[in-house]
Each structure stands twice: as structure tokens, then as C-alpha cells.
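Everything on this sheet refers to the single structure shown next.
The values are calculated or read from the model by the stated rules, or taken from the named source; none is laboratory data. Everything quoted here is computed from the prediction, not taken from an experiment. Methodologically, a virtual Cβ is constructed for each residue, glycine included, from the backbone with ideal geometry; neighbour enumeration extends over all protein chains shown. For accessibility, only protein heavy atoms count, side chains too; no ligands or nucleic acids. Shrake-Rupley method; radii C 1.70, N 1.55, O 1.52, S 1.80 Å.
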Amino acid sequence: MNEDKSLLRPEWRQWLAENLALGVGVEEVEQVLVGAGVSLEVAREEIAAAGQHPYFQACRQVARHFGWLESLMETYSALRAQDGGRELEVREGLTPEEFFRRYYFGHRPVVMKGAMKDWPALEKWSVPYFREHFGRVEVEVMTGRDANPEHAAQQDRHRSRMPFADFLAMVESGRRTNDYYMVPRNDNWSREGLSPLREDLRAPEGIIDPSLMADQMTLLLGPAGTVTPLHHDNMNILLGQVMGRKHVKLVPSYERHRVYPHRGTFSHVDAGAPDLVAHPLFAEATVLETVLEPGDMVFLPVGWWHWVKALDVSASVTFHHFVVPGGNTHLDAPP
């Protein structure tokens, strides 16, 4: 298909080719295009032209090669569903032995209650506390996120530096917004000014390396309304909720074909309000949900897709250096 003569915008041509290659029916594709204002005649012409293009034929061939993998993942998903795989487990008093056996090695997420009860941060951390003790510290945050739908994948475009007190004033303004957020890539832990905050944390005994080195953990801080879009990490993560609540949605790693991967580790799907017309396969995804309260931790297995939204002014920390029996392993996932 000659792109110069196409009546569709580039993003719609990409959407058309992607969905046809994924096996979405021609009639469904026609309906979506017509619903977006494309005439039925043009929709049919574009679909026919795409099907004849040699690049698309190659795309279909690649899709067939991967079909067997999706079939295997479908089988695995069905087996896990029979084993309680459609419920997010919540545990209290979880021993390290069972954590590693059932969850870490079992590739299962779990919400852990009570694992942070000895953290001074639960009693000390608040916006006034941060302002009083660290207000003059210069921090790096992500700003201007609302204007760029790709902000999560293009973080270098959004880095800003300011006194911590100025950022805290923005956070406690009462606005529910996703426009500014202190995310892990800001790497404020490694800066001397905020390093004392690490003294307010405790490593879950027998699960996380007790040294709590700056490069083994991260800090997230922002107002209500901040969203981490659906994505997966290339390592196992343990997230601890210190301030406020967060709504978390998870999709299994073995359902990658249902989340429309984008830029490697991100998804095209807005898991907060999925468009099942544009992304119909997501309707079949297993979505596990929880609301994390202060003091809750959630284990995010490597490769599992997760979406997170702050319901209040929120502070969270993440760990990724586990005390794995037999030696630490990162188990990096492919992008």
C-alpha cells in the first residue's frame, strides 16, 4: 500500500495492520474504522490493500510462527486459572521460605500484610515531615506529563530540578493530577540530601538484602491521581506502600498477547479505562486488583504487567535485591 495515497492517518494504518496480523476479524476492523468516521468503502479498500502488501504478508508469516507460543500461553493461563490464578492472594505472617517457594519461584504476585510493621517511616513520613527536614534539598521530578501520552517511555524529556519544598507544595495543593511525579528514574535516593530517609525503612527479614543500598531500592512520591501506565519490569520487584493508598491492577506475564505491547515493556492499553473496541483482546485478559493501604507490600513478579494509580498523596518504596536461597538471581525478562 502506497502510504502517500492512503486516506487513513498513519496511526490508523498501524492499528489496522496490527489487528489484522493478530487475527482480529475483518468485519470487526471495518466496524471500528467506520465508527471512527471512515467510510465503509475506504475501510474495505484499506483492508484489501494492506492484505496485498508484501510487508504485511511477512508480518502475517511472523505471526504464524508465534502462534504456537500464544497457544501454549493460553493453555498455561487456563491451568493457572484452575489453580486459583484469577485471585490475587493476600497473606499475613508469610515466612521467607514460603515466599520464595510459592511466590518468587512460583511466579505469583502476593499482597503481604504486616511486613512493614517495624518501619519508622510509617509513623514519621508525611508532607510536613519532609518539608521540615528536607525542604531545602534539591530533587529531581518528572513534570509536564499530561501533555505527552508517551511520558513514561520518554522520561528524559520531563526531568525537572527544584527544592523539595516546592515539589511538596505542588503535591499537597489538593489537585488530583498526573502532571508531576517523583518516579524511580529520578534516582533521588543516591543524592546525599534525601539519603537519611533510607534509615526509616527496614528490609523484610530473609526476603530483601538488609544493606538497603541506594541502587537496590527506589522512591516514588506524588499527588493523588498519579498513574503508572500498564507495563512490566525486567526484574522481580517488592513494592511497599508508606503513605496514602494505591490502586493496583496486574496482568500475568503469560498473557502478553492480550495487552498489546508497545515500546517493549509498555502496553497500548489504558488499564484504567480500557478501550475494548480498539483493543478487543484485553477483554480476555486476567486482571487482578487490589488497593494497597499504608503498611502493605505487593510482590510484582518479573514480566507481570502492572498499572498503578495513587488514590491519595502517596509515598512508596520498591526493592529489587532479594536474598534468594542458593544465591541472588535477577531473572531478567526479555523486553
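Packing-based ranking of 37-43, 167-173 yields 167-173, 37-43, ordered from highest to lowest mean Cβ neighbour count within 10 Å. Here each label is just a point 7 Å from Cα along the line to Cβ, and for LEU79 and ALA273 those points are 4.0 nm apart.
Contact order, relative form, for the stretch 127-181: 48 percent (alpha carbon pairs under 8 Å, 6 or more residues apart, mean separation divided by residue count).
If R0 equals 22 Å, the separation of the Cβ atoms of ARG157 and GLN14 corresponds to a calculated FRET efficiency of about 0.50. What FRET efficiency comes out for ASP166 versus VAL323 if R0 is 45 angstrom and r is the Cβ-Cβ distance? Round to the nearest 0.05. So, using R0 = 45 Å, E works out to roughly 0.75. In this structure, ARG64 and ASP312 have a Cβ-Cβ separation that, at R0 = 35 Å, corresponds to a calculated FRET efficiency of about 0.15. Restricting attention to the chain, the count of lysine pairs at 8 or more positions apart or across chains with alpha carbons under 28 Å apart stands at 11. At full extension, GLU205 and GLN52 could sit 49.1 nm farther apart than now, given 0.36 nm per residue minus the alpha carbon distance.
Dividing the summed helix terms, -39500 (n - 2.57) for each DSSP H run of n ≥ 4, by the number of residues in the chain produces a 222 nm estimate of -8000 deg cm²/dmol to the nearest 500. With contacts taken as Cα pairs under 8 Å and at least 6 residues apart, the chain reaches a relative contact order of 19 percent. For the peptides 246-256, 204-214, 60-70, 261-271, residues were scored by their other Cβ atoms within 10 Å and the scores averaged per peptide; the highest-first order is 246-256, 261-271, 204-214, 60-70. Reported to the nearest whole Å, the Cα centre-to-centre distance from the stretch 51-106 to the stretch 166-201 is 34. The length gained on full extension between HIS262 and GLU123, counted as 0.36 nm times the residue separation minus their Cα-Cα distance, comes to 46.1 nm. In summary, the helical segments of the chain meeting the span-like criteria, namely a full DSSP H run, a Cα extent along the axis of 15 angstrom or more and a mean Kyte-Doolittle hydropathy of at least 0.0, are 40-52.
Comparing ILE47, VAL277, LEU220 along the charge dipole axis of the chain, the residue lying farthest to the positive side is LEU220, per the Cβ-charge model. Summing Cβ point charges (Lys, Arg +1; Asp, Glu -1) relative to the Cα centre of the chain gives a dipole of roughly 240 debye.
Checking (1) 1.11; (2) 1.02; (3) 1.23 against Cα Rg over 2.2 N^0.38 Å calculated from these atoms, the matching label is (1). When you restrict to C-alpha pairs under 8 Å that are six or more residues apart and normalise by the size of the stretch 10-75, the relative contact order lands at 29 percent. Which one of LEU250, ASN236, PRO163 is farthest out on the positive end of the charge dipole of the chain, using unit charges on Cβ (Lys, Arg +1; Asp, Glu -1) and the Cα centre as origin? So the residue furthest toward the plus end is PRO163. Nonpolar atom fraction for the chain, defined as the carbon and sulfur part of the 1.4 Å probe accessible area, stands at 52 percent. For the stretch 87-319, the solvent-accessible area with a 1.4 angstrom probe is 41 square angstrom per residue.
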